[in-house]
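The values are calculated or read from the model by the stated rules, or taken from the named source; none is laboratory data. Source: prediction; values computed, not measured. Cβ atoms come from the backbone with ideal geometry, glycine included; neighbour counts cover every protein chain shown. When the accessible area is computed, the model is the full protein with side chains, heavy atoms only, and any ligands, DNA or RNA have been set aside. Shrake-Rupley method; radii C 1.70, N 1.55, O 1.52, S 1.80 Å.
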Amino acid sequence: MPHNHKSESSSRREFIKTSALAAAAAAPYFAPASVFGANAPSNRVTLGFIGVGNQGFPVMQRFLENDQCQALAVCDVNRGSNGYKDDKHFYGREPARDAVEGFYAKSKESGSYKGCEAYNDFRDIIGRKDIDAVVIAVPDHWHSIMTVQAAKAGKDVYCEKPLGLTIGDQKAMVKAVRENGRILQTGSHERSNPNVRRLVEIVQSGAIGDVKRVVANVGRHNMISPGPGWKPMPVPEGFDYKMWLGPAPDAPYHKDRCLYRFRFNYDYAGSQVTNFGAHSLDMAQWALGMDKSGPVLVEHVYADYLPKGSLFNAATYTHFRCTYDNGIVLDCMTGVPEVRCIIEGTEGSVRVENQGRNFFTIPEGIKAKVCGTDVPDVYVSNDDHQRNFIDCVKSREEPAASVEVGHRSATVCHLGNIALRLKTKVKWDPVNEQIIGNKEASAMMNRPTNQAWQA
Ligand SMILES: NC(=O)c1ccc[n+]([C@@H]2O[C@H](COP(=O)([O-])OP(=O)(O)OC[C@H]3O[C@@H](n4cnc5c(N)ncnc54)[C@H](O)[C@@H]3O)[C@@H](O)[C@H]2O)c1
C-alpha cells in the first residue's frame with residue numbers, strides 16, 4: 001500500500017504538490033521501465049546496496065523479503081570480516097553478495113543463483129543503468145556525496161539516518177533530490193512505527209493539553225575507546241581504508257576508528273547526539289508540527305569528553321536545550337537508554353520507549369482516546385519503512401521520511417552539537433536556515449571537503 005495521507009494539513013499537501021511540481025519542472029520524471037506492472041522479475045525495482053555492515057546488512061535482508069524489488073549489486077570497502085558492533089557478525093561485500101544469491105537460490109529449482117555483483121567502489125553501482133535505486137548505509141561522512149551522485153544519475157535513494165554529516169551536506173542532498181525528481185527515504189524507520197504515530201496524534205489532537213516540555217533522549221558511548229597513547233594498526237587485507245576515509249581528513253588506521261565505532265568521532269559522525277537524536281528528535285519534531293521548521297535557540301548545558309588523546313573525540317554525556325518560537329522547551333540529553341521521547345503538556349504526558357515498541361500515557365486513559373481524523377500532519381505509511389520506500393519509488397508519492405523531514409530533524413542534532421562543542425548558545429533562523437550572529441558557529445554548518453571528493 002503506498003503512503004496514504006490519512007489526514008494531512010493543507011500546508012503539507014501544498015508542500016508536496018509544490019515540491020513535485022518543482023521537481024517535474026527541473027527534471028521531468030521518467031519512470032524506469034522496470035517499475036511498471038506486477039512483480040515479474042523485469043518489473044521489480046532494482047536495487048544496489050552501498051555499505052553492508054551493522055545496519056546495511058539487515059536492512060538489505062528486509063528488502064530481499066519484498067518481491068517488488070530485486071537486489072542486483074552490493075558494495076562495501078570491506079571484503080568481509082568480523083569486528084562490527086556484534087563481533088559474531090561477518091559482514092562486508094562478499095558475505096552480502098552470498099546472502100543475496102543464497103536468498104534467491106531458495107526459489108530456484110536448480111537451488112543456485114548467480115546475479116549479484118560485489119563492488120568495492122560505489123561509483124560502479126551508481127554508473128549502472130539497470131539499477132533504479134540505491135540503499136546507502138555507510139558512515140555519515142559519505143552520505144551526502146553518494147546521495148548527490150546517485151540523484152544526479154537518476155537513482156532513487158534510501159539513505160540511513162542521520163541524513164548527513166553537516167547542515168550544509170544535507171542542504172545539498174535536498175537540492176539534488178528535488179532538482180532531479182528523485183524519491184528519498186531517510187532511514188529514520190520509527191516514522192513508520194504505529195506507536196510513534198499515536199504519540200504524534202495524541203499530542204496534535206490536544207489530548208495532553210498545551211505542550212510545555214519535551215525530553216528527547218540519546219545514549220552515551222557504548223564501546224570502549226583506545227585511550228591516550230593509542231598506536232596505529234596495520235590496515236587489514238581486504239579493507240580499502242583510503243576509500244573508507246574518502247572525504248574525511250587523513251588519519252592513521254585503527255580498527256576502533258572504523259567499523260561501527262566511527263560514530264564516536266566527529267570526523268565521521270556526530271556522536272550519539274546524531275545517532276539517537278535522528279530518531280528521538282525526529283519524533284519530537286513530528287509531534288510538535290515542526291517538520292518544516294525547527295527551534296529558534298539551541299543552548300549548551302553539559303558535555304563530557306574522554307581524556308584528551310583518546311581515539312573517540314566526541315562527547316559521551318551530553319545535554320542541550322532547544323526553545324521553539326512558541327515557547328516549547330526541548331531537552332535533548334543522555335538519559336535512560338530505553339526512553340526515546342517524552343512530551344509533557346498541561347493535562348498529561350506521552351512517552352515512547354524501547355525504539356517505539358512501548359508507549360505510555362499519564363493519565364493512562366489518554367492512551368485509549370480516539371483522536372479523530374482531523375489531526376494535522378499525521379500521515380500513515382504501511383508501517384514497514386523499507387516497503388514504504390519501494391511503494392513510493394513506484395507511485396512517486398512522498399515516503400514516510402522524505403529528504404526534507406530527515407534534513408530538518410538531523411539539523412536539530414547538528415545545531416545541538418555545534419552549541420555543545422562551542423559551549424555556547426546558537427540562535428537559529430529556521431526559515432532561512434541560518435545561524436544568527438555567530439560566525440564560528442555558522443562555519444560549523446559545513447566542513448572543509450577533501451577536494452578529491454566534491455560531490
Ligand atoms: N536506522 C537505524 O536505526 C540505524 C541503526 C544503525 C546505524 N544506522 C546508520 O547506518 C549507517 C552505517 O552505520 P553502521 O552501524 O551500519 O556502520 P558499520 O561500520 O557497521 O557499517 C558501515 C559499512 O559501510 C562500509 N563503508 C564505509 N565506507 C564505504 C564506502 N566508501 N563505500 C562502500 N562501503 C563503505 C564499511 O566498510 C561498513 O561495512 C550510519 O549512518 C548509521 O547512523 C542507522
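Which whole-number percent gives the relative contact order of the stretch 300-455, counting Cα pairs below 8 Å spaced six or more residues apart?
Values: 147 pairs, mean separation 22.8, N = 156.
For the stretch 300-455, the relative contact order is 15 percent.
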5 Å is the cut-off here: which amide hydrogens, built 1.01 Å from N in the peptide plane, fall below it relative to Gly187, excluding neighbours closer than 5 in sequence?
Cys159, Glu160, Lys161
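With runs of 4+ DSSP H residues as the only contributors, calculate the mean residue ellipticity of the chain at 222 nm using -39,500 (n - 2.57) per run, divided by the residue total and rounded to the nearest 500. Intermediate results must be reported in sequence, preceding the final value.
Working: 13 runs with 134 residues, N = 455.
Taken over the chain, the calculation gives -8500 deg cm²/dmol.
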With +1 on the Cβ of every Lys and Arg and -1 on the Cβ of every Asp and Glu, and nothing else charged, how large is the dipole of the stretch 60-195 about its Cα centre, in debye rounded to the nearest 20?
340 debye
Using each residue's phi in the stretch 171-186, evaluate 6.51 cos²θ - 1.76 cosθ + 1.60 at θ = phi - 60° and report the 3J(HN,Hα) Karplus result to the nearest Hz, with x for Gly and Pro.
4, 5, 5, 4, 4, 5, 5, 6, 5, 9, x, 9, 9, 10, 9, 6
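Classify the stretch 101-150 as rounded, prolate or oblate from the Cα gyration tensor: take a ≥ b ≥ c as the square roots of its eigenvalues, call it rounded if a/c is under 1.5, otherwise prolate when a/b beats b/c and oblate if not. Before the final figure, lay out the partial values.
Working: a/c = 3.12, a/b = 2.37, b/c = 1.32.
Taking the square roots of the gyration eigenvalues as a ≥ b ≥ c, the stretch 101-150 is prolate.
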Which is farthest toward the positive dipole end of the chain among Ala287, Val375, Ala207, measuring Cα position about the Cα centre, with Cβ charges +1 (Lys, Arg) and -1 (Asp, Glu)?
Ala287
Residues whose built amide H sits under 5 Å from the amide H of Thr46, excluding neighbours closer than 5 in sequence, are Gln70, Asp132, Ala133
Assigned charges on the beta-carbon of Lys, Arg, Asp, Glu; the stretch 292-410 dipole about Cα centre (debye):
280 debye
Express the relative contact order of the chain as a whole percentage, based on alpha carbon pairs under 8 Å and six or more residues apart in sequence.
21 percent
Could you grab the relative contact order for the stretch 212-295? Cα pairs under 8 Å, six or more apart, rounded to a whole percent.
37 percent
What does the charge count around Asp124 come to, taking other residues whose C-beta lies under 14 Å from its C-beta (Lys +1, Arg +1, Asp -1, Glu -1)?
+1
Within the accessible area of the chain (1.4 Å probe), percent carbon and sulfur
52 percent
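Taking chymotrypsin sites (Phe, Trp or Tyr not before Pro) as exposed when DSSP calls them loop (any state but H, G, I, E, B) and at most 11 other Cβ atoms lie within 10 Å, what is the longest stretch of the chain free of them, the sites themselves excluded?
Values: sites that count: Phe30, Phe36.
The longest such stretch corresponds to 37-455.
Just check the chain against the gyration tensor rule for me: Cα atoms, a ≥ b ≥ c as the square roots of the eigenvalues, rounded for a/c under 1.5, and otherwise prolate or oblate depending on whether a/b exceeds b/c. Numbers along the way, then the final one.
Working: a/c = 1.56, a/b = 1.13, b/c = 1.38.
Note, shape of the chain comes out oblate.
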How many angstrom lie between the Cα centre of the stretch 403-429 and the Cα centre of the stretch 194-246?
14 Å
How big is the charge dipole of the chain about its Cα centre, in debye rounded to the nearest 20, if each Lys and Arg gets +1 on its Cβ and each Asp and Glu gets -1 on its Cβ?
480 debye
How much accessible area per residue does the chain have, in Å², with a 1.4 Å probe?
41 Å²
